[in-house]
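Asks: One structure follows; several queries about it will come next.
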Amino acid sequence: MTDFSLPDFDLDAFVRATLAEDLGEGGDITSLATIPADARFGGVMDSRDAITVAGLPIAEAFFRALDPAMDIEILVGEGEQVAAGSDLMRLSGNARAMLTAERSALNTVQHLSGIATMTRQYVDALAGTGATLLDTRKTIPGLRALEKYATRTGGATNHRMGLWDAAMIKDNHVAVAGSVEEAVRRAVAAGIADIIVEVDRVEQVEPALNAGATHLLLDNMTLDQLRESVRLVGGRVPTEASGGVRLDTIGEIGATGVTYVSVGRLTQSAPAADIGLDFALV
């Protein structure tokens, strides 16, 4: 088994739950009916597109869960950029096990590689600006650890993992508190060390900073507003441009001098990579 671990993510439990969802109470009735119990397959997983690879050790875990003795060779590293037609994994083992695990393994690699591939495109478009790409919490429930792993594999930096590791004061918090300053003061009074404050007007920058913000999220600002906000901040705290960022606009956004650019579509809208798995009797 390839060495693979994520903090606070139980790979074995994920594999068990995913396979249980697919197998139900009856198991893989098609393979059980049509494939002899002792039949063996050899197979190759390959990419039909140019991609950034993510998730192959997880695919391996699916196959090994059903055939621990399966011969598996991972041919490329996580985060590696490969050309269309590249082989990613070779495997040989029990045919029923391969067919039963195939969909779960492929779905995972396709999804994570799709995220990593889109992330790499954004990282490349941002290169040279001095800004760093961040992901967001716009993830599929239950898959955040894996999806944020994929953005890291594609070259991004993870933003906060959840609601627990940093405060993020947004417009609804401000509306209830009465003002940006009051919302920030309450977070400071609660003893929160990292206080991210969303501002959508330049006039909110100084009040947020004076109240104790440690990070400003500049939401849906124009390029001129971003430049002016960066000037006002003067390096006192990190600045983050967010909202509607596209591949064709991220370069000019990063060039405004912001510390970070965050992009929700990395996990929200990345298409699955076109990856296939072909088997043959051996």
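The values are calculated or read from the model by the stated rules, or taken from the named source; none is laboratory data. Note that the structure is predicted; figures quoted are calculated from it, not measured. For neighbour counting, all protein chains shown are included, and Cβ atoms are generated from backbone atoms with ideal geometry for every residue, glycine included. When the accessible area is computed, the model is the full protein with side chains, heavy atoms only, and any ligands, DNA or RNA have been set aside. Shrake-Rupley method; radii C 1.70, N 1.55, O 1.52, S 1.80 Å.
Asks: Over the alpha-carbon set of region 22-168, work out the extent along each principal axis and list the three values in angstrom, largest first.
Replies: 58, 35, 21
Asks: Please sort 49-59, 122-132, 243-253, 28-38 by packing, taking for each peptide the average over its residues of neighbouring beta carbons within 10 angstrom, highest first. Working shown, then result.
Replies: Values: 49-59: 24.1, 122-132: 17.8, 243-253: 15.5, 28-38: 12.3.
Ranking, from highest mean packing down: 49-59, 122-132, 243-253, 28-38.
Asks: With a 1.4 Å probe and all protein chains left in place, how much accessible area per residue does the chain have, in Å²?
Replies: 46
Asks: Angle, helix 56-66 long axis vs. longest principal axis of the chain, Cα atoms, 0 to 90°, nearest 10?
Replies: Roughly 40 degrees between the two axes.
Asks: Another question, then. Quick check on the chain: helices-only [θ] at 222 nm, where DSSP H runs of length 4 and up contribute -39,500 (n - 2.57) each and the sum goes over total residues. Nearest 500, please.
Replies: Numbers: 11 runs with 116 residues, N = 282.
Computed ellipticity for the chain at 222 nm equals -12500 deg cm²/dmol.
Asks: So, one more: Can you tell me the orientation of helix 95-126 relative to the chain, as the angle in degrees between its alpha-carbon axis and the longest Cα principal axis, to the nearest 10?
Replies: Taking Cα atoms only, the helix is inclined about 30 degrees.
Asks: For residue 158 and residue 37, calculate 0.36 nm times their separation in residues minus their Cα-Cα distance, and state this gained length in nm to one decimal.
Replies: Numbers: separation 121, 0.36 × 121 = 43.56 nm, distance 4.46 nm.
Difference between extended and current length: 39.1 nm.
Asks: Still on this structure, I have one more. For 153, 119, give the ranking by accessible area with the largest first, probe 1.4 Å. Working shown, then result.
Replies: Values: 153 20, 119 0 Å².
Reading off the accessible areas and sorting them downward yields 153, 119.
Asks: Looking only at 146, 163, 112, which one moves most when the chain is put into a Gaussian network model with springs between Cα atoms under 10 Å?
Replies: 163
Asks: Which percent of the accessible heavy-atom area of the chain goes to carbon and sulfur, probe 1.4 angstrom?
Replies: Working: 6500 of 13110 Å².
Carbon with sulfur: 50 percent of the solvent-accessible area.
Asks: Can you give the angle from 0 to 90° between the axis of helix 11-23 and the longest principal axis of the chain, with both taken from C-alpha atoms, to the nearest 10?
Replies: Orientation of helix 11-23: about 60 degrees from the principal axis.
Asks: Residue 6 to residue 30: extension gain in nm, 0.36 nm per residue of separation minus the Cα-Cα distance?
Replies: Numbers: separation 24, 0.36 × 24 = 8.64 nm, distance 3.40 nm.
Length gained between residue 6 and residue 30: 5.2 nm.
Asks: How far apart, in nanometres, would the label points at residue 210 and residue 272 be if each is projected 7 angstrom from Cα along the Cα-to-Cβ direction?
Replies: Going by the 7 Å Cα→Cβ label model, 5.4 nm.
Asks: To the nearest 0.05, how large is the calculated FRET efficiency for residue 176 and residue 138 if R₀ is 30 Å and r is the Cβ-Cβ distance?
Replies: Values: r = 23 Å, r/R0 = 0.76.
Using R0 = 30 Å, I get an efficiency of 0.85.
Asks: Then there's this: Mind checking the alpha-carbon convex hull of the chain and giving the volume per residue in Å³? The partial results should precede the final answer.
Replies: On the way: hull volume 39.1 nm³, N = 282.
Per-residue hull volume (Cα only) is 139 Å³.
Asks: Please report, in cubic angstrom per residue, the volume enclosed by the convex hull of the alpha-carbon atoms of region 155-263.
Replies: Numbers: hull volume 11.2 nm³, N = 109.
Hull volume normalised by residue count: 102 Å³.
Asks: Express in nm, to one decimal, how much length is gained between residue 83 and residue 246 on full extension, taking 0.36 nm for each residue of separation and deducting their alpha carbon distance. Write down the numbers at each step before the final one.
Replies: Working: separation 163, 0.36 × 163 = 58.68 nm, distance 2.41 nm.
Net length gain for the segment: 56.3 nm.
Asks: Take the Cα pairs of region 80-129, get the Kirkwood Rh, then feed it into Stokes-Einstein at 10 °C and 1.306 mPa s and tell me D in µm²/s.
Replies: Details: Rh = 13.3 Å.
Answer from the Stokes-Einstein relation: 120 µm²/s.
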